[in-house]
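Participant: Here's a structure for you.
The values are calculated or read from the model by the stated rules, or taken from the named source; none is laboratory data. Just so it is clear, the model here is predicted, and its values are computed rather than measured. Cβ coordinates were reconstructed from backbone atoms using ideal geometry, including for glycine residues, and neighbour counts include every protein chain displayed. Surface accessibility is based on the protein's heavy atoms, side chains included, excluding ligands, DNA and RNA. Shrake-Rupley method; radii C 1.70, N 1.55, O 1.52, S 1.80 Å.
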Amino acid sequence: MNNSKDSIKNSVKDIFFQPRVLVVDDEVRIQKACQRLLTEEGCDVKVAENGIKGLKMIKEKHFDIILLDLMMPGMSGLDVLKDVKSHHPDTVVIIITGYATLEHSIETMKKGAFDFLPKPFSPQELRLVISKAIEFIRTLQDITTEKSRMRVMINTLNNGVLTTDNQKRIALANPAFLKMIDCRKTSVIGHNVSEFIKDSRLLDMIDQAINQPGDTFAEITDEMTMPFSKEKEEMIIGIRCIPFRDRLNRNLGSITVLNDITALKKIDKLKSDFVSMVAHEIKSPLNSILMQLNVVLDGLAGELTEKQKEILQKSSNRIKSLTKLSTELLDLSKIESGLINQEREQLDLVELIKGQVAFYRDQADAKSIHLTIKEIKKEIWMMGNRINMEEVVSNLISNAIRYSPNGGTITAWADEKTDCAKIAVSDTGLGIPQNDLEHIFDKFFRVKNEKTRHINGTGLGLAIVKSIVEAHHGTIEVKSEVDKGTCFSIYFPKSEYKI
Ligand code: ADP
């Protein structure tokens, strides 16, 4: 008994308002009993002795709960219920009646009553049903609050947000999204995305997200330039598209987030331009210093002592490293500013690898390294930029030579799978410590330990390789074990190459 008594008070405490209850009953005894008990429980209780008066009161002010008698003179409880449900759907109606039959109960429930309380009822029974009603109101309130919070949040976001169902009908599109896709319509809900989105790539990404198999969860990302109209400035948009699912992992629809990265891209370009300018400005004086040093080293400016030769040779080596650094910085900034792979051609990866293996043969021999090519197929074609692809293979082979002690083995090969072309270079060299593996593609990152200390490098080679691979829509993987060796594998998607 105490439990049910506590539960109303607790429910009332938990909600942010005092529940307003209206008792519509012609029996004064019931009106008074309900009013007294529920007022004691913290509710604000009003009474009406018939349906017409009750409806008038409901019209004037909102009631959270109505205790409604079915059998009243004048308007019947069922008619009151119908009116309340059609005009005040949020109000919870509890039927109280002395004629509690199964048909009555079913009929009132069908018409939207929350519960049915047969007369006579005890105070505990009334408390219980009111507590249930308050719980229900509270759940509804929580959902409404949450929805409203989400709506305000999403509508005020600077990022564009779109959600669709699995038929690609729009369930939500915030103002930022509509602005980014240059859509001036405000009522887009329920329409198919293709009615408003004209960009085929964006439509394709939504399609991919919705059709993603339940056992995978991949975020589909891309960047695109949106030249919506000639008068508007170009906008660069980062796109992320993901499916959302129910508990059984069935795709319910997609969520797309658009992020305006125009400013970021501009800053990035400025940075690349600056680096490229500095590298370029450094490169020519360095070359001229190198040439002059060579003149002196070759003895064309007079005899040199052994000590002088040694010092000049060291300077020359340092300048060569600096020239390499500026060349690599220039390459990287060219890649970052999108200047590469503009000219693509059909390349035979087997032939390309053979060329690079031949080029590095002498360097490998000098360290007694066995440099081989594993021939799997005669030809493997891809569409790519020749200079870039040569740079990729060249970097991997030269690294394999530099980071292998004398007498190792390096194997390079190309292979073809159903959906991709592969290039791989493996060595039996120093290997890369596990902790460093995730950083080796970062600019300027170099593994620092006793074994690598004397090997010169800039830390830019693999960053260049990765940028080139990504510009060709490929991926790069590395497997390595310290003192056992390293294997780099690169995969290019089939759509990127044709035979
Ligand atoms: P660099 O060789 O000029 O330092 P890279 O970007 O080419 O720069 O390589 C980054 C780092 O990754 C290297 O410093 C080296 O420590 C490690 N690394 C690259 N390739 C290999 C390899 N085949 N074996 C072992 N370590 C490697």
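Participant: With unit charges on the beta carbon (Lys/Arg positive, Asp/Glu negative), name the residue among Val24, Val447, Leu325 whose Cα is farthest towards the positive pole of the charge dipole of the chain.
Facilitator: Val24
Participant: Taking a cut-off of 18 Å between Cα atoms, list the lysines near Lys266, but don't count ones fewer than 8 places away on the same chain.
Facilitator: Result set, ordered by chain and number: Lys232, Lys334.
Participant: Per 0.36 nm of contour for each residue apart, how much would the distance between Cys183 and Met57 grow if the chain were fully extended, relative to their Cα-Cα spacing?
Facilitator: Values: separation 126, 0.36 × 126 = 45.36 nm, distance 4.54 nm.
Full-extension gain reported as 40.8 nm.
Participant: A further question on this structure: Which percent, to the nearest 5, of DSSP beta bridges fully inside the chain are antiparallel?
Facilitator: Looking only at bridges with both residues in the chain, the antiparallel portion is about 70 percent.
Participant: Per residue of the chain, what 222 nm ellipticity follows from adding -39500 (n - 2.57) for every DSSP H run with n ≥ 4, rounded to the nearest 500? Don't skip to the end; give the middle numbers.
Facilitator: Numbers: 14 runs with 224 residues, N = 499.
The helix-only estimate for the chain comes to -15000 deg cm²/dmol at 222 nm.
Participant: Name the long-range amide H neighbours of Leu67: under 5 Å, sequence gap of 5 or more, or other chain; modelled H, no Pro or chain starts.
Facilitator: When sequence neighbours closer than 5 places are left aside, the close amide H contacts are Leu22, Val23, Val24, Ile94.
Participant: Could you derive backbone 3J(HN,Hα) for segment 241-251 from the dihedral phi with the Karplus parameters 6.51, -1.76 and 1.60 (θ = phi - 60°), listing whole Hz in sequence and x where the residue is Gly or Pro?
Facilitator: So the Karplus estimates, Gly and Pro as x, are 10, 9, x, 10, 10, 8, 5, 8, 6, 8, 6 Hz.
Participant: Calculate what fraction, in whole %, of the accessible area of segment 157-260 sits on carbon and sulfur atoms when a 1.4 Å probe is rolled over the protein chains.
Facilitator: C and S fraction of accessible area: 50 percent.
Participant: Something else: Tell me which residues come under 5 Å, amide H to amide H, from Phe244 once H is placed; ignore anything under 5 positions away on its chain.
Facilitator: Leu252, Gly253, Ser254, Ile255
Participant: Would you mind working out the accessible area per residue for the chain, using a 1.4 Å probe, and quoting it in Å²?
Facilitator: Details: 28120 Å² over 499 residues.
Normalised by residue count, the accessible surface of the chain is 56 Å².
Participant: Which cross-chain or sequence-distant (5 or more) residues have an amide H under 5 Å from the amide H of Asn385, H modelled 1.01 Å from N in plane?
Facilitator: Amide H neighbours of Asn385, under 5 Å, 5+ apart: Glu345.
Participant: Give me the net charge for the shell around Lys111: Cβ to Cβ below 14 angstrom, other residues only, Lys and Arg +1, Asp and Glu -1. Don't jump to the answer; show the numbers that get you there.
Facilitator: Numbers: positive: Lys82, Lys85, Lys110; negative: Asp79, Asp83, Glu103, Glu107, Asp115.
My count for the surroundings of Lys111 gives -2.
Participant: Could you check the spin-label model distance between Lys271 and Asp365? Points 7 Å from the Cα along Cα→Cβ, value in nm.
Facilitator: Rounded to a tenth, the inter-label distance reads 4.4 nm.
Participant: Checking the a/c ratio against 1.5 first, then a/b against b/c, what shape does the Cα gyration tensor give for segment 404-455? Don't skip to the end; give the middle numbers.
Facilitator: Values: a/c = 3.14, a/b = 1.52, b/c = 2.06.
Cα axes put segment 404-455 in the oblate bin.
Participant: Please work out the C-alpha center-to-center distance from segment 431-499 to segment 314-386 and express it in whole Å.
Facilitator: Comparing the Cα centres of segment 431-499 and segment 314-386, I get a distance of 14 Å.
Participant: Next up: Can you flag which of Lys82/Lys110; Lys59/Lys119; Lys320/Lys354; Lys46/Lys111 are past 20 Å Cα-Cα? Don't skip to the end; give the middle numbers.
Facilitator: On the way: Lys82/Lys110 10 Å; Lys59/Lys119 27 Å; Lys320/Lys354 27 Å; Lys46/Lys111 24 Å.
From Lys82/Lys110; Lys59/Lys119; Lys320/Lys354; Lys46/Lys111, over 20 Å: Lys59/Lys119; Lys320/Lys354; Lys46/Lys111.
Participant: Sticking with the crude label model, points 7 Å out along Cα→Cβ, report the distance from Ala263 to Arg151 in nm, one decimal please.
Facilitator: Going from the Ala263 label point to the Arg151 one covers 3.0 nm.
Participant: Right, something else. Please label the shape of segment 96-157 as rounded, prolate or oblate, based on the square roots a ≥ b ≥ c of the eigenvalues of the alpha-carbon gyration tensor (a/c under 1.5 means rounded; beyond that, a/b larger than b/c means prolate, else oblate).
Facilitator: It comes out oblate by the Cα gyration axes.
Participant: While we're on this one: For segment 157-260, what is the charge dipole size about the Cα centre, in debye to the nearest 20, if Lys and Arg each add +1 at the Cβ and Asp and Glu each add -1 at the Cβ? Kindly include the intermediate steps, with their values, before the conclusion.
Facilitator: Values: 13 positive and 15 negative charges, 82 e Å.
Magnitude of the dipole: close to 400 debye.
Participant: Counting Lys and Arg as +1 and Asp and Glu as -1, what is the net charge of the other residues whose Cβ lies under 9 Å from the Cβ of Asp26? Write down the numbers at each step before the final one.
Facilitator: Working: positive: none; negative: Asp25, Glu27, Glu49, Asp69.
Net charge in that neighbourhood comes out at -4.
Participant: Filter the chain for me: DSSP H helices, axial length by Cα at least 20 angstrom, mean Kyte-Doolittle hydropathy not below -1.0. List them by residue number.
Facilitator: Helices passing the filter in the chain: 123-156, 262-297, 306-336, 349-366, 386-402.
Participant: Then there's this: Would you mind counting up the charge near Lys443? Only other residues with Cβ under 12 Å from its Cβ, with Lys and Arg at +1 and Asp and Glu at -1.
Facilitator: Numbers: positive: Lys271, Arg446, Lys466; negative: Glu328, Asp331, Glu336, Asp442.
Overall, the nearby charge balance is -1.
Participant: I've got another one for you. Mind listing the phi-derived Karplus ³J(HN,Hα) values for segment 440-448, rounded to whole Hz, using 6.51, -1.76 and 1.60 with θ = phi - 60°, and x for any glycine or proline?
Facilitator: Listing the rounded values in order: 5, 8, 6, 4, 6, 7, 9, 6, 10 Hz.
Participant: May I ask for the distance between the Cα centers of segment 200-272 and segment 155-198, given as a whole number of Å?
Facilitator: Centre-to-centre distance over Cα atoms comes out at 13 Å.
Participant: Leaving out ligands, DNA and RNA but keeping every protein chain, what accessible area does Met109 have, in Å² rounded to the nearest 10, with a 1.4 Å probe?
Facilitator: 80
Participant: Let me ask something additional. Which value, in Å² and to the nearest 10, is the accessible area of Tyr491 when all protein chains are kept and the probe is 1.4 Å?
Facilitator: Roll a 1.4 Å probe over it and Tyr491 shows about 50 Å².
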